[in-house]
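First comes the structure, then the notes that go with it.
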Amino acid sequence: MIRLAFALLLAATPVWSFEVPSGQPVDLQEVLIDDLGDEIWLRFRFVAPKISRDDAMAEVNAQDMLHLCQETALTYISDFELDGDVIVVSLADRPTEFGVADPDATQFFEAFRADNGSCIWESY
């Protein structure tokens, strides 16, 4: 069961834009709470129009997602008193509908667990 925790409609001037190590523009699309039975996943969905499928960008994207987890997701979780087991950070080159395949969209996902105020990468 997925519940919408907070959603932002992306306008010409985004309400929540974030700085990341790569310097690319990143906007929050939405935060979803996904109850999977044994675990609660908190999904932070960002739009980063300049990401590409180029393998050379993989490390850059990973650094940006770790930064978004540590600097944005952990703060958001604390501010909104959310509880979850897994934090998923995703980057997409355009807004996409969650759970709907979009073969034209470029998307990257990383899963993390919060541990003592840090995001620890999870292998899924």
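The values are calculated or read from the model by the stated rules, or taken from the named source; none is laboratory data. Quick caveat, the model's predicted, so the values are computed rather than measured. Cβ sites come from the backbone with ideal geometry, for glycine too, and all protein chains shown count toward neighbours. Note: areas computed on protein heavy atoms with side chains; ligands, DNA, RNA excluded. Shrake-Rupley method; radii C 1.70, N 1.55, O 1.52, S 1.80 Å.
If the condition is being open to solvent by 60 Å² or more (accessible area, probe 1.4 Å) and closer than 17 Å to residue 35 by Cβ, then the range 70-112 contributes 80, 81, 83, 85, 98, 99.
In this entry, residue 88 passes the filter for residues that are touching a Lys or Arg at 6+ places or on another chain (Cβ under 6 Å) and free of Cβ contacts under 8 Å to residues at least 60 places away in the same chain. From the list 118, 90, 17, the lone residue that is modelled with pLDDT under 95 and not basic (Lys, Arg) is 17. Considering the range 113-123, and only residues there that are in contact (Cβ under 8 Å) with a residue 24 or more places away in the chain and not polar (S, T, N, Q), the residue that is surrounded by the fewest Cβ atoms within 10 Å (Cβ to Cβ) turns out to be 117. In the range 41-68, the qualifying residues are those that are in contact with a Ser or Thr (Cβ under 9 Å, 6 or more places away or on another chain) and over 14 Å from residue 24 (Cβ atoms), and the one that is surrounded by the most Cβ atoms within 10 Å (Cβ to Cβ) is 44.
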